[in-house]
Each structure stands twice: as C-alpha cells, then as structure tokens.
1. Taking the range 14-29 as the region of interest, how many residues are touching a residue at least 40 places away in the same chain (Cβ under 8 Å) and over 19 Å from the mean Cα position of the chain (by Cα)?
2. List the residue pairs whose Cβ atoms are under 7 Å apart, where the first residue sits in the range 183-203 and is within 17 Å of ALA157 (Cβ to Cβ), the second is charged (D, E, K, R) and modelled with pLDDT of 90 or more, and the two are 6 or more positions apart or on different chains.
3. Only residues in the range 41-62 that are free of Cβ contacts under 8 Å to residues at least 60 places away in the same chain and under 22 Å from PRO5 (Cα atoms) count as the first member; pair them with residues that are exposed (fewer than 15 other Cβ atoms within 10 Å of the Cβ) and acidic (Asp, Glu), Cβ under 8 angstrom, at least 6 apart or cross-chain, and list the lot.
4. For a quick check of your reading: which helices (runs of 4 or more DSSP H) sit entirely within the range 207-317 and have at least 1 residues that are of a type in the set (Ser, Thr, Tyr) and at pLDDT below 95?
5. Report yes if VAL377 is touching an Asp or Glu at 6+ places or on another chain (Cβ under 6 Å) and surrounded by fewer than 21 Cβ atoms within 10 Å (Cβ to Cβ), otherwise no.
6. Only one residue in THR262, THR214, THR277 is surrounded by fewer than 19 Cβ atoms within 10 Å (Cβ to Cβ), over 23 Å from GLY307 (Cα atoms) and among the polar types (S, T, N, Q). Which one?
7. Can you tell me which condition ALA235 does not meet? The list is (1) of a type in the set (A, V, I, L, M, F, W, C); (2) buried (at least 16 other Cβ atoms within 10 Å of the Cβ); (3) in contact with a Phe, Trp or Tyr (Cβ under 9 Å, 6 or more places away or on another chain), and all the others hold.
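The values are calculated or read from the model by the stated rules, or taken from the named source; none is laboratory data. These numbers come from a predicted model, not from an experiment. Note that we place each Cβ from the backbone using ideal geometry, even for glycine, and neighbour counts take in every protein chain shown.
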Amino acid sequence: MNDLPVWAVRLRNERQSRNWSLKDVARQLIDTASGRIRAHMPTCESLTRMVRAWETGKHRPSEPYPLLLAQIFEVAEGELFADLPNVAELAKASEGNLMWKASDGGDDDMERRRLLRLAAASAGIGIFGASGEPVRQLLDLSIDHGFRSGEEWEMSAADHLYALRTRPPAQVAADLVIDLLTVRRQMEASSPAEVTELQRTLAMLAGIHANALTRLGDHGAAVRWWRTGRSAADASGDREVRLLVRSEEAGHGLYGQRAPETVMRLVGNAEQVAGGTSVDLLTTRAKALSLLGKHTEAYQTLDALVGLTEKGGRGDSLGFWKEDQIYFAQSWIYAGAGDETRAGVARENVLRLTNDYQYQVNVALHEALCTVVQGAVDEGVRRAAAVIDPLPVAYRSNHIIETARMLLRAIPLDQQHRLAIGELREVPAIEAAT
C-alpha cells in the first residue's frame, strides 16, 4: 500500500471520510454526469469495479472521470490529481515527527521548523486530508493552547450555522468535529467556572452537529448528539440554551428521525423548560400536526404563531431561529392541505428572506406536494423530480429527500403505480429510503 500513487490514496480517503462505499461513488458519478456523458458510461456495477481499480492504483482515471470525481468530492481537479511524492517517500521523510511534543528552551525553534517542514510536505496529501488539519492542530499546540474566549466561541457557532445554510452537510459535520475536540481540550484545562461557560458552547456546537448529522440521514448518531447537547445545556444552567437545544431537536426530528407523535412530546417537554411556548416550538408543533393529517389544528397553531410574533415574540438571540421559519412552516402546512394560494404567498416570502439552499429547494417541493394533494399526481411528481435532479449530490440532504418522500406518501394508494412516480424514485437517495 505504501507504493500507491498519491492520487489513489486521496481518492480512497475522500471516499472513506464520507462513509461512502465503492458503489456509492459509482452512483454519484453517474448521477453527476451530464445526460450526454451519462449515456456513454458503463453500468453501476462496472463503474464500481473501475473505482476499486483507481483506489488500488491499477489505473489512473481517464476522461471524463477526473472532473466528475473532483465534482463529487468538491475538490479542485488539479489538487485531487496533483503529481506529488508517493506515500512511502512522505512517510520516510516525516518519520519521528508525527508524535512531536514541544521541548523546553532552545529546542522549540528546531521542533517548530521540523513541524513546518512536515506541514509543507503533507499539505494536500491523503494521509492528512487536503486541509492539513492534524498539522494545523499541532501548530496550535506549538504556538499556544489554541483556546478561545466566549465571544470567539459564539462566532465559531455562528460560522457553523452559516455553513449549514450554504454548504454540503458532510463538510459542516467534518468541520464541527474539529471544534468539538477543541472545546473538550479547553474544558480539561479550565477552572470550574470556565467549564460551566464552556458547557454552553458545547451545547450549541453539539446541537449544530446533530443538525448536520440529521441532514446526512445519520439519525442514530444525531439522536445521541442531541442527548449530549441537552446534557451540556443543563450543566450550563443557561435557560435560553436549554430551550434552544430542545427546540432544535424537536424541529429536526420531523425529517424521518422521529414519529410526529414523539416530536409532539419533545415540544411539550421543551415548553416545560420554557415555562410556556415559543415561536420555534409553535412552528414545529404546526408541522407535526400537518404530518398527522390534523390540518385544522395545524392552521390554529399557525394563527397562534402569528399572534405571538405580533406581540413581540422572537426566536433565540444566537441566530438559530429566523423570521423565514414562520413562512416556511406556512408553506409546509398550506401545501399539505392543498391550499395553493396561501402556500404560494408563503413560498415567495421564504425565497425573499432566506439564503438557506435547503429552504429554497424544499419550498419548491412544497409546491409540488400541493399539486399532488390537489389531485394532479403526475404533474406534481414531475415537478419534484425536476427540482431534485439538477441538485448536486452533495447538497441532496436528508431534509430535502425526506420532503420528497412526504410528497410520495401523499399519493393515494390506488395511484402509486403511475409511471411518473418512477421519475422521482430514480433518485438514488429516495429509492434507497422508500
């Protein structure tokens, strides 16, 4: 394995870092290719064998695969296939440096120089990843403790929230793990008072991580992270964060993670912590009622939501809840009831206010859902397929796929055989989940 070309190691590590199988890579290559290129590609089984041959260094990918691989891994083609020393040469050059520890006195400069040489040698190489993150963490340790103030941690949380709304969830989850490890390291070296404040940070980061895992469809891991977030929030004693984590857990549970009845229980538990309801909890309750087919109650909950906002009710001060979520809930509920006029108004308000690509895609799927509920099954399904088909694979989050599945569940049983439905079920993630 030490004689493998660097590009082969990179391909394997890019795949494994996303927990993809060889067949997953083959499917994504097919799904990412344009119609003209896709028509000349081999079968998924043959392409799976080709991916295995690339990763074992037997064959270097030929056109059009280098560009397609760069697209699915979201790495520049030149970086993915750069001509660099092989892994055996790198390992020999860096031997003895990976377990580096800071020395005292004059040895520090020498050790830093050795580490910087290692960083330069390993930048972009598969054993560290393109970001060189392990080396960056070693550099942090060589300069100072890498600890952050409370304000810096809040900015970090805001950055991760922004990433959730604009980047693929796999990238967000990978970045979050790094900060979660950092806050844990800081807690171990902090005073009891500082640890209490860091529990607040941990609660926010754990909640964002659970959100990202939900978007990746890793529900078991997400539920465990929600539990960690709740525990950290409780340990912090911060009522706002305690409510925030519970509200987020309930809201994201609607995307195939929990039964709607369980989500309703989570909402009730959060209301006990809050001593009443909130705008965030009302949006979740209304959507859960819609999934249960209780459209009248869902409408009544929307009215309560609007009434609360008119009285000055707002979301959290940390930026998790935004005004567009009111309109998103309206789009969801009106579409589920087949109320085309009001769903259209809500959809326009969402598009006016948000930069969250998942909200933008999902309100378009709500429009298709409304069409299905009104009885135009073929048209609604084709609209949904047209929304998802051009979306890059990395951006097809569980939130989007689950919304498409919500549309499929709205189709009457006696019409499930219609040919148009196959167009939507051809999307791999939907096909695997139905």
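1. Within the range 14-29, residues that are touching a residue at least 40 places away in the same chain (Cβ under 8 Å) and over 19 Å from the mean Cα position of the chain (by Cα) number 2.
2. ARG200/ASP238
3. So the pair list comes out as GLY57/ASP3.
4. Ranges flagged: 295-310.
5. No; evaluated as a whole, the condition is false for this residue.
6. Exactly one of THR262, THR214, THR277 is surrounded by fewer than 19 Cβ atoms within 10 Å (Cβ to Cβ), over 23 Å from GLY307 (Cα atoms) and among the polar types (S, T, N, Q), namely THR262.
7. All conditions pass for ALA235, except number (3).
So that you can scan it fast, the table gives a plain yes or no per residue for (1) among the hydrophobic types (A, V, I, L, M, F, W, C); (2) more than 24 Å from THR354 (Cβ to Cβ); (3) part of a helix (DSSP H, G or I):
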residue	(1), (2), (3)
VAL172	yes, no, yes
ASP175	no, no, yes
ILE178	yes, yes, yes
MET187	yes, yes, yes
VAL195	yes, yes, yes
LEU198	yes, yes, yes
LEU205	yes, no, yes
